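Written below as structure tokens is the structure these notes are about.
The values are calculated or read from the model by the stated rules, or taken from the named source; none is laboratory data. Only a predicted model underlies this, so the values are computations on that prediction, with no experimental measurement involved. Here the Cβ positions follow ideal geometry from the backbone for every residue, glycine too, while neighbour counts run over all protein chains shown.
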Amino acid sequence: MGVAARTVLFDLDGTIYLSGVLYPGVVELIDKLNASGLQFGFLTNNSTVGPESYARRLRALGLDVGRRHILTSAEATCLMLHELGLGPDLYIVGTRAFRRYLAGRGFRHSYDDAQAVLVGFDTELTYRKLTEATRLLLERNLPLVASHPDPVCPGPLPDAGMLLAYFQAADPRVAVKAVAGKPHRWIMELVRQRFACAPEEVIMVGDRQNTDVRFAHAFGMRSILVLNGGSPPAPHTQPWPDAIAPAIGQLIDAYWPPSLGWT
Ligand SMILES: [Mg+2]
């Protein structure tokens, strides 16, 4: 491969940790990345908490990371809203932490003045929120947007994608206008802004062919699929990753980007 790898992006759930427990070798891998001069970041579609909380969470697990290493769908949502000209008033179906994060970026939660219904991963969902959002979509025909598309969060827990399907079941007129997180372009825009590199200089590391590898493929990034105990993908299934590592810890040696010749 001709282009040097400058940035390594990691999915979190199922890639770096599972149920809050790091996979073996992750602390050493991050130390090696910090020493190497390669840029790296963690990409998450989870919009229940803001990026600062994620940085704290990863540091508590022993990873030497800062705020600049975290890229969340909540941040991508702000880029999306600005580009679409939606807000500052929004009806937000999301957690208090998600609303607080958005408020810090100039977006207000409002029923009366809402210009769009924004759906996140709402672990504090109530019937009242469902009712108010339904009224705004059906009576005021507001656009429906979301922080990310995942129907189910590992657990399994009902996630934003299930809510999008729920609202769309109300009436054929209800359509999803835009979604910010993986595999959509706004989170890629966040990557470009944060790391100032071209897609071909980025390696995406994840545990799901259908989301992580697909995301990499859609934007011209290279990809490493990590199995972490799972089965390899069925032969000839697309998109095929550029490398398949049996475990995330192996990125420190056999699957270290320079070892793969990606320098
Ligand atoms: Mg994952």
Residues satisfying the stated conditions in the range 123-156, i.e. within 14 Å of Ala175 (Cα to Cα) and within 16 Å of the ligand (Cβ to nearest atom)
Pro149
Just to confirm my filter: which helices (runs of 4 or more DSSP H) fall fully inside the range 153-261 and include at least 1 residues that are out of contact with any Lys or Arg (no Cβ under 7 Å at 6 or more places or on another chain), surrounded by 15 or more Cβ atoms within 10 Å (Cβ to Cβ) and in the same structural domain as Tyr17 (by TED's automatic domain parsing)?
185-195, 214-218
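How many of the residues in the range 190-216 are of a type outside the set (Lys, Arg) and away from the ligand (no atom under 16 Å from the Cβ)?
Looking only at that region, the number is 11.
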Quick check on my filter: what residues within the range 13-47 are surrounded by fewer than 21 Cβ atoms within 10 Å (Cβ to Cβ) and either within 15 Å of the ligand (Cβ to nearest atom) or within 30 Å of Met162 (Cα to Cα) (or both)?
Asp13, Gly14, Tyr17, Leu18, Ser19, Gly20, Val21, Leu22, Tyr23, Gly41
Residue match in the range 69-76 (condition: more than 16 Å from the ligand (Cβ to nearest atom) and out of contact with any Phe, Trp or Tyr (no Cβ under 7 Å at 6 or more places or on another chain))
yes
